[in-house]
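One structure is given here, and the rest of the page talks about it.
The values are calculated or read from the model by the stated rules, or taken from the named source; none is laboratory data. Since we're looking at a predicted model, the values are computed, not measured. For neighbour counting, all protein chains shown are included, and Cβ atoms are generated from backbone atoms with ideal geometry for every residue, glycine included. Quick note on the areas: whole protein, heavy atoms, side chains included, nothing else; ligands and nucleic acids left out. Shrake-Rupley method; radii C 1.70, N 1.55, O 1.52, S 1.80 Å.
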Amino acid sequence: MTAPTDPASDPSAEAAGEPGTPATPPSSTSSLGRNSIVMAAGTAASRLGGLVRNMMLVAAIGSAGTVANAFDVANKLPNVLFAILAGGMLNAVLVPQIVKAFRAHNAQERVDKLLTVSAVGILAITAVLTGAAAWVVMLYTDGWSAEQLALGTVFAYWCIPQLFFYGLYTLLGQVLNAREQFGPFMWAPVANNVVSVLGFAVFLIVFGGAPDTGINDLSEWNTPRTILLAGTATLGIVAQALVLLVPLLRSGFRWNLRLGLRGIGLRSAGGVALWTFAAVVLEQAGVLYLTRVAAEAGNAGDAVAGNASYTQALLIYLLPHSLVTVSIATALFTGISKAAQAGDTDRVRSDLSLGLRTIGVFTVFATAALVVLAGPATAFIVPTAGEQGTALIAPVLVALSFGLVPLGGMALMKWVFYAYEDGRSVFWITVPSTVALVAGLVAAQVWLPVELWVIAAGGAYALSNWITVLLRTGGLKRKLGGRLDGGRIFVLHAKTVLAAAVAGGAGWGVYQLVGGFDVLTFGKGWVLTMLSGLWVTALCGLVMLAVYVLLLRLLRVEELNGLLGPVLARLRR
């Protein structure tokens, strides 16, 4: 989860431990770029550590096979459950209420109550779901043997408690961001990565690594392996949450446990919460069906992509989104929220347009890069997957990549709906997108061989993103007085698509010139695999980037400065 924030504050008030009155942040490309770079730095550090963590996890249990698929489902459950039961409502309700609370005369009391009520609610939900772990695992799987269900259930008992600490991490992060302390929330996942890397390293030393085809024989899998693997994953999330207490306490903020619903604004936000909850449940129903389809496919054989392969592709696919798109949206959201509350429609429209255009410059290129370089990028980022694992992951990544451009737009657009406390529109737009996702999955099961089901799942996910962003565009156009600066947004994307197509062609030519997938080094250790993926990705990627930037300069795409300006300025200094 990412907390929307506003970059301006009163430092003296912060030092005293009292909320200051946030100033209105400038809606300029340069300001947006500076704020985004600051947050992206922390995200980049956490993602880099996450890649090392993921690489060691794959080395320990593989990217396919019985154990990998069982652990993937169990470790995915707290994320899915958090999205269903807390995440959507926290983003829709808590962020606007914290913004209001910090401007109220009784700010400390209101924030204390908001945090306490939310934490107690998430703790209760976590306890119930942990006790129901067996039923939850059965809900998310299909075609599993009793032995694999038992393993997945044991993993779930260890992993579902992460739900509470994900919630605590989000709660504390929202307060930090509302106080204009951007860095800690973005850097906290580094603590998770450190704990996980150390734990998985111990696992590899004690129990050794998995074969390329994964671990399918459960006769040697025992309780110490389960505790070390799943316990490490959960302990990492605990560290990620608790480390945020340090900057909060150092800044003077104190969280006093106070129960009570009176005077914290939840009554006015109740409608938004209910619609948001319904939308997230519907969204996750589609994810549930996708998980079941991937689980069934994964049991068809070692050479068929399953849940673990899909998760690895999704991890790579989300890297551009988390590094750049989320940072840009985060830098804009609280300003948009304040403008919406003040009735400043022009400001909301301007910030939304700026965000969509700046995000588009990056995501269009990232799409072309992932489509062209899916193979070497996978070999570089997940070298422990081996040749077969890479061959299973890369096609899924290509299919997912076509949904990267709308993903950035729809995320920012959803937050604008929330700024207006409009959960109803978000829900009704979710209906056709979820129907499209499920329909695509059903069509794959009916008409495609099982080997293509997970690839089709990536394509169906991308299609649902496009449907969502188009419907949200129409909804926001009506909400913002019939205008959405659509002309400039469309022209920007047309220029970037043209530039990315040419750049992609150049990158593909260089990729084939050096030998394509066959040039990647497999079977000689993961270090050589990673290095071969690195040099191929870097060579082709730099060619693509140079062509893309040159064409954007020729096409006079000013939004490019919002991404490159702050970076170049730092390099000059």
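FRET efficiency for the Ser219 to Ala546 pair, using the beta carbon distance and R₀ = 56 Å, is estimated at 0.55. Counting only Cβ charges, +1 for Lys and Arg and -1 for Asp and Glu, the dipole size of the stretch 112-247 around its Cα centre is about 460 debye.
Bridging of Lys477 to lysines at a Cα separation below 25 Å is possible for Lys338, Lys414, Lys495, once same-chain residues fewer than 8 apart are set aside. Listed by chain and number, the lysines whose alpha-carbon sits under 16 Å from that of Lys113, ignoring those within fewer than 8 places in the same chain, are Lys100. If you sort Trp453, Trp428, Trp535 by accessible surface, 1.4 Å probe, largest first, the order is Trp428, Trp535, Trp453.
Taking amide hydrogens as placed 1.01 Å from N in the peptide plane, the amide H of Leu520 sits under 5 Å from that of no residue at least 5 positions away in sequence or on another chain. 3J(HN,Hα) couplings calculated from phi for the stretch 536-549 with the Karplus curve 6.51 cos²θ - 1.76 cosθ + 1.60 (θ = phi - 60°) are, in sequence order, 5, 4, 5, 4, 5, x, 5, 4, 4, 5, 4, 5, 5, 5 Hz; Gly and Pro show x.
Arrange the residues Ser145, Ser219, Ser433 by how much accessible surface each exposes, largest first, with a 1.4 angstrom probe.
In descending accessible area the options line up as Ser219, Ser145, Ser433.
3J(HN,Hα) along the stretch 511-523, derived from phi through the Karplus expression 6.51 cos²θ - 1.76 cosθ + 1.60 where θ = phi - 60°, amounts to 4, 5, 5, 7, x, x, 4, 5, 7, 6, 8, 10, x Hz, with x in place of Gly and Pro.
Shown in residue order for the stretch 210-222 are the 3J(HN,Hα) couplings computed by the Karplus curve 6.51 cos²θ - 1.76 cosθ + 1.60 at θ = phi - 60°: 9, x, 4, 7, x, 9, 10, 8, 8, 5, 9, 7, 10 Hz (x for Gly and Pro). Applying 0.36 nm per residue to the separation of Val202 and Ser350 and subtracting their alpha-carbon distance, the gain on full extension is 48.2 nm.
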